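Written below as structure tokens is the structure these notes are about.
None of the figures in this text is laboratory data; all of them are computed from the coordinates on show. Since this is a predicted model, take the numbers as computed values, not measurements. With ideal geometry, Cβ positions are generated from the backbone for all residues, glycine too; neighbour counts draw on all protein chains shown.
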Amino acid sequence: MQIARVCGTVVSNHKEQSLTGVKFLLVQFLNEEGQPLSEYEVAADSVGAGLDEWVLVSRGSAARQSSSSEARPLDALIVGIIDTVSVGNQRLYSKRDQDR
Amino acid sequence: MQIARVCGTVVSNHKEQSLTGVKFLLVQFLNEEGQPLSEYEVAADSVGAGLDEWVLVSRGSAARQSSSSEARPLDALIVGIIDTVSVGNQRLYSKRDQDR
Amino acid sequence: MQIARVCGTVVSNHKEQSLTGVKFLLVQFLNEEGQPLSEYEVAADSVGAGLDEWVLVSRGSAARQSSSSEARPLDALIVGIIDTVSVGNQRLYSKRDQDR
Amino acid sequence: MQIARVCGTVVSNHKEQSLTGVKFLLVQFLNEEGQPLSEYEVAADSVGAGLDEWVLVSRGSAARQSSSSEARPLDALIVGIIDTVSVGNQRLYSKRDQDR
Amino acid sequence: MQIARVCGTVVSNHKEQSLTGVKFLLVQFLNEEGQPLSEYEVAADSVGAGLDEWVLVSRGSAARQSSSSEARPLDALIVGIIDTVSVGNQRLYSKRDQDR
């Protein structure tokens, strides 16, 4: 999985029928130090992630291993909202600090 | 999924039999600010996208999760025509503005 | 799919048994303007492509969605010989011109 | 598979239900000379890897070919703890030396 | 598939049970001119490849399309030992010359 920050939304009304009701979020990948990478992805959201939250994104066929995404033409899924990222013994990110 | 702009067409008459009738569009990937990336893809179209429209492209096995694409040797599918892309609270792209 | 030009052949006699009889072509990926990219691929050929022809290449599990490739350890397949590539209203490539 | 060094942990409490109990490790990919690459991955751990250990990471659908990972939206899995890496006749890495 | 040169071995004793007995080779990808690329892969070997031999490597789910690899968490497999690589009408590589 990759670490990403939710940075926006994409709306598509005219789409594959099986995608009706799927919410598309624009996520910016972050490197292991929390800096934005040039890569982004439009991911389906299955956990109710909000703007600026750090999330875990699964890509490829993994994105369809959930009841809300299976058998749909999706290749990226937000699978979790991140609480903490620790590198070595240092806390790199904490959602609690962010939310203050 | 990636955001892309439809920029052309590819025609192949001599091809895998299962691809008969599949329309191939050339799509240019865009970054999250709408600038063209160096990457492109030839994607099957399942939604009737037109030249210059912004679309969502699914790649990998996701491209075969549709009745018009399953069991065909396809690795990229246009799954939706984009209406709006918003980054933070700003509208980055709106199809309505584009169509004027 | 990616646009590629057939540029060579690879021969392997000692290989997975299921690959017996599979023809391996070396294909050079082209960008959307027809310039060679640094990427190449060794792809199985299911359409009888010849040297210098432009072809469509499917990668990943898509490469096994054909009777000649299924259940074989293949991750790239030539799925069509390209007749024309058009960008906007301009013809970028035409096989007919090439064949003259 | 890629060679990686375990460099941290990621905690997510609000996630896909099927991921309950899955441990997420942050792994830094290494090149074939043991130097850190810019790429990283958040991988599920199925072998009990510890901080600073070198591990083998499988990505894509391979990450779900284990009883602890199947049918979960995972695209990266630590599949082994590396004992030795040898390039030509030279030992590049030995866990035993590392553990001293 | 990619062209690669076998350049080493990786040993992992503590690993996914299904990987018991699988031999892991370190392979260096080569470009279409035979020059080493920065990419490498740890691939399972199903054909008995030896050091310095040029091989064909399949990645992704293709790596599990063999009796020795199916249902194992593998994402790269050596599927053949290369005899010759020809670009245009020129022989780029011949195993016979190499073996002299």
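About its Cα centre, what dipole magnitude does the protein assembly as shown give when the only charges are +1 on Lys and Arg Cβ and -1 on Asp and Glu Cβ, stated in debye to the nearest 20?
Dipole of the protein assembly as shown, to the nearest 20 debye: 740 debye.
Mind checking which lysines have their Cα closer than 30 Å to the Cα of residue A:95? Skip sequence neighbours fewer than 8 apart in that chain.
Within reach: A:23, D:15, D:23.
Hand me the GluC sites (Glu not before Pro) from chain E located in a DSSP loop with no more than 16 other Cβ atoms within 10 Å, in residue order please. Show your work: numbers first, answer last.
Details: sites: E:16, E:32, E:33, E:39, E:41, E:53, E:70; in loops: E:16, E:32, E:33, E:53, E:70.
Passing sites in chain E are E:33, E:70.
Cα atoms only, region E:2-99: Rg and Dmax in Å?
Rg and Dmax of region E:2-99, Cα atoms, are 13.9, 48 Å.
Rounded to the nearest Å, what's the spacing between the alpha carbon centres of region C:59-89 and region B:11-70? Just the number, please.
13
Throw me the Rg/Rh for the protein assembly as shown, computed over C-alpha atoms with Kirkwood Rh, two decimals. Before the final figure, lay out the partial values.
Values: Rg = 22.5 Å, Rh = 23.4 Å.
Value, to two decimals: 0.96.
Once you charge only the Cβ atoms, +1 for Lys and Arg and -1 for Asp and Glu, what is the size of the charge dipole of chain E about its Cα centre, to the nearest 20 debye?
Using only the charged Cβ atoms, the result is roughly 180 debye.
Put a label point 7 Å from Cα along the Cβ direction on residue A:99, then list its distances to the equivalent points in the other copies in nm, shortest first.
Distances to the matching label points in the other copies: 4.1, 4.1, 6.6, 6.6 nm.
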